[in-house]
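Heads up, the thing below is written out as structure tokens.
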Amino acid sequence: MTNQGPSCEQASQRPLLELKGVSKNFGGVKALNRVDLQLYENETLALVGDNGAGKSTLIKIISGVYQPDEGEIYFEGRQVQISSPREAKKLGIETNYQDLALGEVLSIVANLYMGRPLTRFLGILNKKKMEQESWNILRKLEIRNISSLKQPVRNLSGGQRQGIATGRAIYIGKDPKLIIMDEPTAALGVEEKSKALALIKSLNMKGKTIIFISHNMQDVFTVADRAVVLKTGRKVGERKLKETNIDEIVKLIILGEDSLVTSTKNPF
């Protein structure tokens, strides 16, 4: 079984994001072991693997929470050091973590503009403008059944909360070049999961580049173009999803690439 990496068309393009030999240690534990990764513009790349595979560590390196012990990171063709989440945001990298990092008792507007409020002369908050833009964001993301922007987000459904976190990442501040979505469909009901997946597909159709982390293979195959598989900190496989199936990806997650190569050898 050969490694199914980027298409010929992609191979001729410069990656938006490229990781070369990235490693990360926590004491005696090697969380990442010389991981290579390429991500191209307007692509949705799924990052998959069991718990402890290294997915969270990898996205935290890309988003500036952790710094690699070894390896190089390139963004838009130049080598970068993403020393903090603020530096990641300056590059145009936004991350929606699984816990969403929402202020439970804060209003919808306060959550959307958390850390990046709109101000007028002398730093006075422009509350009217923020409310107007908040309604615009809800309309763009098709977040419905919101009666008031002043209600705390703890009163919202899981899908609505995911939408607020996504809206903050996409529409507030600098227009992101890369959106990392960590388990965006976890703990959602069937209808809300469908809406969340539709939102991700819509963002991709509008030209957004996305890294999508999920344990749900149906969701991965619904929205992603390629999948990179991690296992115990190593990259063990990469596939174009239109040329593979769920069973193969699951085998990669459990057994790694070597097992698939071995299984295809002629025993005679």
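The values are calculated or read from the model by the stated rules, or taken from the named source; none is laboratory data. The shown structure was predicted, so the numbers you read here are calculated from the model rather than taken from an experiment. Please note: Cβ atoms are built from the backbone with ideal geometry, for glycine as well, and neighbour counts cover all protein chains shown.
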Any residue at all in region 122-135 that's in contact with a helix residue (DSSP H, G or I) (Cβ under 9 Å, 6 or more places away or on another chain), exposed (fewer than 15 other Cβ atoms within 10 Å of the Cβ) and outside any loop (DSSP other than H, G, I, E, B)?
yes
Under the condition of being modelled with pLDDT under 95 and more than 22 Å from N204 (Cα to Cα), which residue from region 1-25 is surrounded by the fewest Cβ atoms within 10 Å (Cβ to Cβ)?
T2
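Find the residue count for region 148-171, including only residues that are out of contact with any strand residue (DSSP E or B) (no Cβ under 9 Å at 6 or more places or on another chain) and touching a residue at least 60 places away in the same chain (Cβ under 8 Å).
Going through region 148-171, the residues out of contact with any strand residue (DSSP E or B) (no Cβ under 9 Å at 6 or more places or on another chain) turn out to be 154-161, 163-164, 167, 171.
This time we only want the ones that are touching a residue at least 60 places away in the same chain (Cβ under 8 Å), so: 161, 164.
Number of matching residues: 2.
Filter region 66-121 for residues that are in a helix (DSSP H, G or I) and among the hydrophobic types (A, V, I, L, M, F, W, C); which is farthest from R168 (Cα to Cα)? It would help to see each step written out before you state the result.
Residues of region 66-121 that are in a helix (DSSP H, G or I), as a first pass: 85-91, 108-112, 121.
Adding the requirement that they be among the hydrophobic types (A, V, I, L, M, F, W, C) leaves 88, 91, 108-110, 112, 121.
On the way: A88: 15, L91: 16, I108: 10, V109: 10, A110: 10, L112: 5, F121: 24 Å.
Once the filter is applied, the top-ranked residue is F121.
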Take N145 and tell me if it is over 22 Å from the mean Cα position of the chain (by Cα), without any contact (Cβ under 8 Å) to a residue 40 or more places away in the chain and surrounded by fewer than 13 Cβ atoms within 10 Å (Cβ to Cβ).
yes
